[in-house]
Amino acid sequence: MTRSVLVTGGNRGIGLAVARRLAGDGDRVAVTFRSGPPPAGLFGVRCDVTDPGQVDRAFKEVEAEQGAVEVLVANAGITRDRLLAVMAEDDFAAVLDTNLGGAYRVAKRAVRPMMSARRGRVVLISSVSALLGTAGQANYAASKAGLIGFGRSLARELAPRNITVNVVAAGLIDTDMTASLPEARLAAMTEAVPLGRVGTPAEVATVVAFLAGPDAGYITGAVVPVDGGLGMGH
Ligand code: NDP
């Protein structure tokens, strides 16, 4: 089955792994990127998800190239870790606007054609931080917890149109985002993971591919952990 897929933030890290996985499975996959060259072998559209005009333009380019988006993976995200006492307005606002506002903008733009087609898949990339909370990440955890309420509301709204909406709560995954953590903090976080290691982007991609695929037709509104057991019980 060849579907039209869009992965935001698909030029590196988890997004790139998801894009490559779905392209490998036979889908037509577009990715958004903000700067630099688009990844080789994938259709790249320049898009900052904080800008509704850029989101609309990106969707138009994708629609012209490969048809209306049938699978949306809202993956673009940032961190601006600070303890609350020193967290600036902009640290909070930028993280919320990118991680939660970005998902709102791309999902809103994607769902109309999905509703007309009476099928579609939306996967939102959240984090174990949404469930556990993380010191120094109140902004990030709030944005990722917001994705769960957002996604579950969409799941209810869109279920009558045969569109599923699911959330992947990723744990500690080996990307630029985790590489930017201080070494001691990364080591302490890894120690807290029951499986005792960081995960790979491919391990997240395989779960996204399942949720986006035909075998997951009866799963919606789920929060699926890919975290080595870190968030167990939440
Ligand atoms: P990276 O930092 O490696 O990649 C982030 C991606 O998001 C990049 O492609 C980046 O684009 C894109 N992005 C950031 N801001 C914007 C924006 N305003 N508009 C468009 N694209 C944007 O992170 P990861 O691959 O690790 O993270 C991917 C997702 O997974 C994020 O939502 C993150 O919160 C989540 N996650 C990651 C975990 C981890 O341990 N790594 C754990 C749990 C969740 P550009 O290259 O242009 O900056």
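The values are calculated or read from the model by the stated rules, or taken from the named source; none is laboratory data. For clarity, every value in this text was computed on a predicted model and none was experimentally measured. Ideal geometry is used to build each Cβ from the backbone, glycine not excepted, and the neighbour counts take in all protein chains shown. For accessibility, only protein heavy atoms count, side chains too; no ligands or nucleic acids. Shrake-Rupley method; radii C 1.70, N 1.55, O 1.52, S 1.80 Å.
Got a sec? Which residues in the stretch 65-81 would a label at residue 183 touch, if it sits 7 Å along Cα→Cβ and we count backbone N under 16 Å?
No residue passes the distance filter.
Could you work out which residue, out of 61, 203, 183, moves most in a Gaussian network model of the chain, that is, has the largest mean-square fluctuation with Cα springs under 10 Å?
Looking only at 61, 203, 183, the largest GNM fluctuation is found for 183.
Place a +1 charge on the Cβ of each Lys and Arg in the chain and a -1 charge on the Cβ of each Asp and Glu, then give the dipole magnitude about the Cα centre in debye, rounded to the nearest 20.
Charge dipole of the chain: 680 debye, to the nearest 20.
From the phi angles alone, apply the Karplus equation (6.51, -1.76, 1.60; θ = phi - 60°) to the stretch 155-166 and give each ³J(HN,Hα) in whole Hz, x where the residue is Gly or Pro.
Coupling constants for the stretch 155-166: 4, 5, 4, 9, 4, x, 9, 6, 10, 9, 9, 10 Hz.
Could I have the simple spin-label model distance between residue 112 and residue 60, label points 7 Å from Cα toward Cβ, reported in nm to one decimal?
The answer from the label model is 1.2 nm.
Going out from 0 in 5 Å bins, what whole percent of all Cα-Cα distances in the stretch 193-234 drops into each bin?
Binned Cα distances yield the sequence 5, 21, 25, 23, 16, 9, 1.
How high is the FRET efficiency from residue 119 to residue 78, r the C-beta distance, R0 35 Å, rounded to 0.05?
Approximately 0.65, to the nearest 0.05.
Rounding to the nearest 10 and keeping the result within 0 to 90°, find how far the Cα-based axis of helix 201-212 lies from the longest principal axis of the chain.
Taking Cα atoms only, the helix is inclined about 40 degrees.
When the solvent-accessible surface of protein heavy atoms is calculated with a 1.4 angstrom probe, in what order do 79, 98 fall, highest first?
From most exposed to least exposed: 79, 98.
In a Gaussian network model over the chain where Cα atoms closer than 10 Å are linked, find which of 95, 86, 29 has the largest mean-square fluctuation.
86
Can I get the semi-axes of the stretch 54-167's equivalent ellipsoid? Compute them from the C-alpha gyration tensor as square roots of 5 times the eigenvalues, in angstrom, largest first.
Result for the stretch 54-167: semi-axes of 29, 16, 9 Å.
Using just the C-alpha positions of the chain as equal point scatterers, what log10 of I(q)/I(0) does the Debye formula give at each q in 0.15, 0.16, 0.17 1/Å?
Listed by q, the Debye log ratios stand at -0.97, -1.11, -1.26.
Between 129, 143, 153, where does the largest GNM mean-square fluctuation fall for the chain, given springs only between Cα atoms within less than 10 Å?
Most flexible of the set in this elastic network: 153.
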